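First up is the structure itself, then whatever we jot down about it.
The values are calculated or read from the model by the stated rules, or taken from the named source; none is laboratory data. The structure displayed is predicted, hence computed values, not measured ones. When the accessible area is computed, the model is the full protein with side chains, heavy atoms only, and any ligands, DNA or RNA have been set aside. Shrake-Rupley method; radii C 1.70, N 1.55, O 1.52, S 1.80 Å.
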Amino acid sequence: MINKSKDIVLKPINKESVVQQVIDRLTEAMISGALKPGDKIPTEMEMSETFGVGRNSIREAIKILVYLGVLEIKRADGTFVRNGFTDSMIDPMIYGIILNGDESYVELKEFRELMEQSIVRSAIKKSTKKDIELLHEKYKVLESVIMKENTDIAHIFQADNDFHDTISEMMHNSLMIKINSVVRTLTYSLRLKTVTFMIENGSKQELLNAHKDIYEVIKNKDFDRIESVIYASYFYDRI
C-alpha cells in the first residue's frame with residue numbers, strides 16, 4: 001500500500017477531468033519529493049483506491065506521462081519515475097510555441113538572444129584550452145566554406161551550426177545544451193533564411209566577421225562585449 005508521506009499528496013480527487021487530475025496529483029507528488037527520480041509509483045489498483053477513480057483513468061494518465069518522458073515502464077517490475085532528462089520532455093514546449101503563432105515566435109527570438117548571451121558567458125567561464133582549440137577549428141572550417149568561390153549555402157549553414165553547437169558544448173551543462181538545441185531547432189527556418197540572404201547579397205565577409213567576433217570574445221574572456229557581439233550577429237531586420 002501507499003505510505004503516509006505519499007498519502008498526503010496522493011489524495012482523492014473529483015470526477016471532473018479525471019485523467020488530468022491524476023496527472024496533476026502525480027506531478028505534485030514529484031514536485032513535493034513524495035515521489036523521487038527512480039521511485040516506483042503505486043500500482044494502478046492502489047492509485048484507483050486512493051484517488052477514488054477508475055483504473056482506466058489511471059492507465060491513461062500513466063500512458064501520457066510515459067509519452068512525455070516523465071515515467072518509464074519496466075515490464076517485470078512496474079512503473080517508475082524517470083531518473084534523468086529525456087528529449088521527449090521538450091516536445092510539449094515545441095508544440096506550444098509552434099501552435100501559438102507569431103507572438104510566440106517574436107518571444108522566441110528574444111529568448112534566443114538572451115539564451116546565446118548566457119551560453120557565451122558560460123562558455124567563457126567553463127571552457128578548457130581544448131575547447132577553445134576546437135572552436136577555432138570550427139571557425140576555420142566556416143571561413144573556408146564561406147570564402148569559397150563556388151558558394152554552397154547548405155555547407156555554410158552546416159558549418160555555422162557546428163560552430164554554435166561547439167559553443168553550446170563548451171558549457172558542459174546537459175540541460176542548457178538540450179534547451180539551446182530546442183531553440184535552434186525552432187529557429188531553423190529563420191537562421192537558414194538569414195544565412196542565405198547574407199550570402200546571396202554579398203555580405204559573406206560580414207557574416208564571417210560576426211562569428212570571428214564571437215570566437216574572440218570567448219577566447220579572450222571578454223565579458224564586456226558579449227551583449228554587443230551577440231546582438232550584432234543577428235541580421236533579421238535585413239530580410
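General observations
- In Å², nearest 10: area of ILE167 left accessible to a 1.4 Å probe: 10 Å²
- By accessible area with a 1.4 Å probe, ligands and nucleic acids excluded, highest first: order of TYR236, TYR188, TYR231, TYR139: TYR231, TYR188, TYR236, TYR139
- Under 5 Å, built H, 5+ apart or other chain: amide partners of LEU71: VAL66, ARG82
- Accessible area of SER144 in the full protein assembly, 1.4 Å probe (Å², nearest 10): 60 Å²
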